[in-house]
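A.B. asks: What follows is a structure written as structure tokens; I'll ask about it next.
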Amino acid sequence: MSNPGRKTRFTSLTCATLLVILPLTVSPASAQLRGHGGPVRALAISPDGQTALTGSFDSTAIRWSLARNAAEQVLRFHADAVNAVVLLRDGRAATAGADGRIAIWTAGKAEPDAVLEGHEAPIAALAVSPDGATLASASWDRTVRLWPLAGGPARALEGHTQNVNGVAFSPDGRTLVSVSYDLTVRIWPLSGPSAATVVTIPSPLNAVAIGGDGEIAAGGADGRIYFLTGNGTRSGEAAAGPRPVISLAISPDGAWLAAAGIGGSVAVIDRRTRDLARTLVGPGLPVWSVAFMPDSRTLLTGGADSIIRRWNAVTGEPVDSLLVEAAADPLAPYAGDRGAEIYRACVACHTLRPDQANRAGPTLSGIFGRRIATAPGYHFSEALKRLDIVWTPETVSRLFEVGPMAYTPGTKMPEQRIGSEADRAALVKFLERATKER
């Protein structure tokens, strides 16, 4: 039986990290960047457009030359997924992971210059202040921390009641904005004792971006983008799609907002009209990260298939000749099955059959009747092993009824709920059929 009141940081239905050896197989003939051994969770691009930094579920970060389409350095330090990366003004880089640590790197050095510790749960996002002096981190320990890059103690900003998933500085550096699963956008003044301005949004929030004009965009688990003025006044919204938004980027010229979703597409929204201008559709796997090049036209996306792709965000066309190259659809045998279509969002992290390997999460083969954290060949945390949960049709249905955040606090799954009882039933019926060991 499940024990929904028992808390842990991980769940067996989670996109956990893959600890793999990183292959550096980059083809100069293609504008795609291939090298990570797991989903590309984070992306940052230098102001001159010459360098990119990526972080992955494979626990590494890679510094890329965009001129040569080649990996320049693999950064190995974190003990878990690298969830956030930023390039600093002095040419250094910062990476942060599910291990709760931040590493500061100088290009070419094999070890970090410094390690910033203090968070008690995974770090989900990083941002650097406009003057380059301060690094901000958002964590699932429900806090935001401000780190002086010249040294000194961090300042903790407390008030969120759930995982903090996104953080961004205002263009003038006077305020910091954070978003959380607790349905709030918080605008923190960075000078003086004033309390944060709290704005409640009708959805858990996964990402935030701020335009050069100070407008705030927050991405929701309901697939919508919520716009606010710099002082927190709601100023509009836009629909990105039916699935949770998990990454946002605003073009340098301010014209476009790109919203990446777990459904596998990227919505390009006209910021002036709030209209959906176009949808970029790739292989159909979740898109975990997006970033604009300095030209405001070229968009880089990091996918669940471990590839970084380039798009013309204005035309919607791929820059890469092999953009839609993809493996065979694992759900093709279940065409027309409603439950299979609902399950499609889980394909990137979980396999279904005993002859298929674990991915970012454990295989679901034989899941029903199995105690949590006992799938063979997968490394589970000690906290997870202590949970008194057996996966049954009822417990799986409950997970998606109330959402991973409420049912398994601290899960790495993007927050998503299936409100329809019929859809939950269809998903469970599909899993019962597809995960039978045979």
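What follows is calculated from the coordinates using simple rules that are stated; it is not laboratory data. Small disclaimer: the values here were computed from a predicted structure and weren't measured. Methodologically, a virtual Cβ is constructed for each residue, glycine included, from the backbone with ideal geometry; neighbour enumeration extends over all protein chains shown.
A.B. asks: With r as the distance between the Cβ atoms of Glu401 and Arg174 and R0 = 45 Å, compute the FRET efficiency 1/(1 + (r/R0)^6) and round to 0.05. Present the calculation step by step, with values, prior to reporting the outcome.
C.D. replies: Working: r = 42 Å, r/R0 = 0.92.
Rounded to the nearest 0.05, the efficiency is 0.60.
A.B. asks: If you plug each phi of the range 245-256 into the Karplus form 6.51 cos²θ - 1.76 cosθ + 1.60 with θ = phi - 60°, what whole-Hz ³J(HN,Hα) values come out, in order, with x for Gly and Pro?
C.D. replies: Result, ordered by residue: 7, 10, 7, 10, 8, 10, 5, x, 7, x, 6, 10 Hz.
A.B. asks: Taking H placed 1.01 Å from N in the peptide plane, check which residues at least 5 places from Gln50 or on another chain put their amide H under 5 Å from its amide H.
C.D. replies: none
A.B. asks: Where does each of 100-108, 263-271 land if you order them by average Cβ count within 10 Å, highest first?
C.D. replies: For the peptides 100-108, 263-271, the packing ranking is 263-271, 100-108.
A.B. asks: Oh, and also: Taking θ = phi - 60°, what integer Hz values does the Karplus form 6.51 cos²θ - 1.76 cosθ + 1.60 yield along the range 199-205, in sequence order, with x for Gly and Pro?
C.D. replies: Taking θ as phi minus 60°, the curve returns 10, 8, 10, x, 6, x, 10 Hz for the range 199-205.
A.B. asks: Here's another thing I want to ask about it. At 7 Å along Cα-to-Cβ for each site, give me the label-to-label distance between Arg155 and Asp388 in nm.
C.D. replies: About 4.5 nm separates the two model spin labels.
A.B. asks: Moving on. Extending each Cα 7 Å along its Cβ direction at Arg353 and Arg234, get the distance between those two points in nm, one decimal.
C.D. replies: The modelled label-to-label distance comes out at 4.8 nm.
A.B. asks: How much net charge surrounds Asp131 when only other residues with a Cβ under 14 Å from its Cβ are counted (Lys, Arg +1; Asp, Glu -1)? Please list the in-between numbers first.
C.D. replies: Numbers: positive: Arg89, Arg174; negative: Asp90, Asp172.
So the environment of Asp131 carries a net charge of 0.
A.B. asks: Using square roots of five times the C-alpha gyration tensor eigenvalues, list the equivalent-ellipsoid semi-axes of the range 112-233 in whole Å, biggest first.
C.D. replies: Values: eigenvalues 96, 55, 32 Å².
The equivalent ellipsoid of the range 112-233 has semi-axes of 22, 17, 13 Å.
A.B. asks: Still on this structure: Collect residues whose amide H, placed 1.01 Å from N in the peptide plane, falls under 5 Å from the amide H of Thr60; neighbours closer than 5 in sequence don't count.
C.D. replies: Placed amide hydrogens put Val82 under 5 Å from Thr60.
A.B. asks: For the range 33-312, what does the convex hull of the Cα positions come to per residue, in cubic angstrom?
C.D. replies: Values: hull volume 30.6 nm³, N = 280.
Once divided by residue count, the hull of the range 33-312 is 109 Å³.
A.B. asks: Here's a follow-up. To make sure I understand, if each residue's beta carbon is the centre and we count other beta carbons within 10 Å, what order do Tyr343, Tyr181 fall in, fewest to most?
C.D. replies: On the way: Tyr343 21, Tyr181 24.
Ranking Tyr343, Tyr181 by Cβ neighbours within 10 Å, fewest first, gives Tyr343, Tyr181.
A.B. asks: Can you run phi through the Karplus equation (6.51, -1.76, 1.60; θ = phi - 60°) for the range 110-126 and list ³J(HN,Hα) in whole Hz, with x for Gly and Pro?
C.D. replies: Values, residue by residue: 7, 10, x, 5, 8, 10, 9, 10, x, 5, 10, 7, x, 8, 9, 7, 10 Hz.
A.B. asks: In nm, to one decimal, how far is the Asp131 label point from the Arg274 one, both placed 7 Å along Cα→Cβ?
C.D. replies: Inter-label distance under the simple model: 3.5 nm.
A.B. asks: Length gain on complete extension for the stretch Ala195 to Ala107, per 0.36 nm per residue less the alpha carbon to alpha carbon distance?
C.D. replies: Details: separation 88, 0.36 × 88 = 31.68 nm, distance 3.82 nm.
Gain in length upon complete extension: 27.9 nm.
A.B. asks: Okay, moving on. What FRET efficiency comes out for Glu120 versus Ser46 if R0 is 30 angstrom and r is the Cβ-Cβ distance? Round to the nearest 0.05.
C.D. replies: Working: r = 32 Å, r/R0 = 1.05.
Here the calculated transfer efficiency is 0.40.
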